[in-house]
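The values are calculated or read from the model by the stated rules, or taken from the named source; none is laboratory data. Being a predicted model, the structure only gives us computed values, none of them experimental. Because the Cβ atoms are built from the backbone with ideal geometry, glycine has one as well, and the counts that use them run over all protein chains shown. Each accessible area value is taken on the protein alone, full model and side chains, heavy atoms only, with ligands, DNA and RNA left out. Shrake-Rupley method; radii C 1.70, N 1.55, O 1.52, S 1.80 Å.
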Amino acid sequence: MANTDERRFEVLRAIVADYVSNQEPVGSKTIVERHNLGVSSATVRNDMAALEEEGYIAQPHTSAGRIPTDKGYRLFVDRLSEIKPLSSAERRAITNFLDSGTDLDDVLRRSVRLLAQLTRQVAVVQYPMLTNTVARHLEVVPLTPARLMLVLITDSGRVDQRTVDLGDVVTEETVLRLRTVLNGALAGRRLADAAANVAELPEAAPADLRDHLTRICTMLVESLVEHPEERIVLGGTGNLTRNVADFPGSLRQVLEALEEQVVVLKLLAAARNPGAVTVLIGEENEDEQMRSTSVVSIGYGRDDMLLGGMGVVGPTRMDYPGTIAAVRAVANYVGQILSGR
């Protein structure tokens, strides 16, 4: 029985490979001719009938060919024993392209462009989540005698700028004291912990700094709270329109869903650990608008610290091994680059 099951899986694998490549329903004769399974067309037909009965493949119309179902793609992905690694030339190109990024924004924009080109799908990258990063330094810059700019720099390279009106004119010496107090509460701490420290600063501050710190700390705590609408970079949306047939009647819904940052963040929510790839296929997607798509996502970061998620969105008719390899490689390099900044 095990041999029969294994042979049927090889038939399914052949159907997935040919359908992903040609977008045409696959027949038993084609499988025998293209794939060295060592069995007759009659045996392949029997295996296809069993696979269809179990819901792994379906007959789209009167043709003799079959196509994979979401369930069939899921079994195929779950049984992927090897992911073909990228070539050394591809890895070099990724490293050189991402290493040329001048700052965090540039690195993430390059990552999206690269993923979209490598996979020919829509690529999405989430900005490093503030709660998982560490404050490196807070610069306090006087814009006017009564107005300051706060520039928060994190270890991931993220820079967050805010301005605050103090209501009163302050001296250079006061600005210096404020900078010292604020960095004492922030520098070297995870932002989730730093927010609590900052919130408590005004109470413990000298009387002459208390009003200023109340205004500053209110602004800072707000900036340390997640702002999902600021945390997504999307690229390659036009790739979806190359194969409209993959989205019968649903391409507009998919494009509209991708415009909603909340939907995209949900797609990446499954990526909990750096290096762990998650694949959601068709009906497995929580959002109804995305059920004609597959999503391959991964967390990026350093060691066990998750900074954010990235991934690609495309049709269920997807080159899963190639897509998983590309997503994993780009996430690995982005994690390395941000760790070194």
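A few comments on the model shown:
- Residues of the stretch 104-133 that turn out to be more than 12 Å from GLY235 (Cα to Cα), open to solvent by less than 10 Å² (accessible area, probe 1.4 Å) and assigned to a helix (DSSP H, G or I), as a count: 3
- Screening the stretch 84-103 for residues that are open to solvent by 60 Å² or more (accessible area, probe 1.4 Å) and among the small types (Gly, Ala, Ser) and picking the one that is nearest to LEU186 (Cα to Cα) gives SER100.
- Taking every residue in the stretch 37-49 that is over 20 Å from ILE67 (Cβ atoms) and open to solvent by less than 50 Å² (accessible area, probe 1.4 Å) and pairing it with any residue that is basic (Lys, Arg) and part of a helix (DSSP H, G or I), at least 6 positions away or on another chain, the pairs with Cβ-Cβ distances below 7 Å are VAL39/ARG7.
- The stretch 59-69 - residue that is at pLDDT below 95 and over 15 Å from SER28 (Cβ atoms) and, of those, most open to solvent (accessible area, probe 1.4 Å): THR62
- Scanning the stretch 1-36 for residues that are part of a loop (DSSP other than H, G, I, E, B), open to solvent by 60 Å² or more (accessible area, probe 1.4 Å) and over 12 Å from PRO68 (Cα atoms) yields MET1, ASN36.
- Residue list for the stretch 73-98, restricted to those being over 30 Å from GLU54 (Cα atoms) and assigned to a helix (DSSP H, G or I): SER88, ALA89, GLU90, ARG91, ARG92, ALA93, ILE94, THR95, ASN96, PHE97, LEU98
- Just one residue in the set GLY101, GLY157, GLY167 is in a loop (DSSP other than H, G, I, E, B) and within 30 Å of ASP208 (Cα to Cα); that residue is GLY167.
- Residue match in the stretch 180-187 (condition: open to solvent by 20 Å² or more (accessible area, probe 1.4 Å), of a type outside the set (D, E, K, R), touching a residue at least 24 places away in the same chain (Cβ under 8 Å) and out of contact with any helix residue (DSSP H, G or I) (no Cβ under 9 Å at 6 or more places or on another chain)): yes
- Residue in the stretch 134-154 that is closer than 23 Å to GLY311 by Cα, touching a residue at least 12 places away in the same chain (Cβ under 8 Å) and open to solvent by less than 70 Å² (accessible area, probe 1.4 Å) present: no
- Residues that are touching a Pro at 6+ places or on another chain (Cβ under 8 Å) and over 19 Å from ILE94 (Cα atoms) occur at least once in the stretch 277-293.
- Among (1) open to solvent by 50 Å² or more (accessible area, probe 1.4 Å); (2) more than 27 Å from VAL327 (Cα to Cα); (3) of a type outside the set (Ser, Thr, Tyr), the one test that ALA194 misses: (1)
- Test: THR163 is at pLDDT 85 or above, open to solvent by 50 Å² or more (accessible area, probe 1.4 Å) and closer than 15 Å to VAL151 by Cβ: yes
- Listed by position, the strands (runs of 3 or more DSSP E) enclosed by the stretch 220-339 that each have at least 2 residues that are over 27 Å from ASP78 (Cα atoms) are 232-235.
- Unmet requirement for VAL134, which otherwise passes all of (1) of a type outside the set (Ser, Thr, Tyr); (2) more than 33 Å from the chain's Cα centre (by Cα); (3) within 30 Å of THR102 (Cα to Cα): (2)
- Considering only residues in the stretch 264-305 that are at pLDDT 80 or above and closer than 16 Å to ILE232 by Cβ, the one that is most open to solvent (accessible area, probe 1.4 Å) turns out to be ASP287.
- Matching residues in the stretch 313-341 - criterion: being closer than 27 Å to VAL159 by Cβ and among the β-branched types (Val, Ile, Thr): VAL327, VAL330, VAL334, ILE337
- First in the stretch 83-98 and more than 12 Å from VAL327 (Cα to Cα), second anywhere and part of a helix (DSSP H, G or I) and among the β-branched types (Val, Ile, Thr), Cβ under 8 Å, 6 or more apart: LEU98/VAL107; LEU98/VAL330; LEU98/VAL334; LEU98/ILE337
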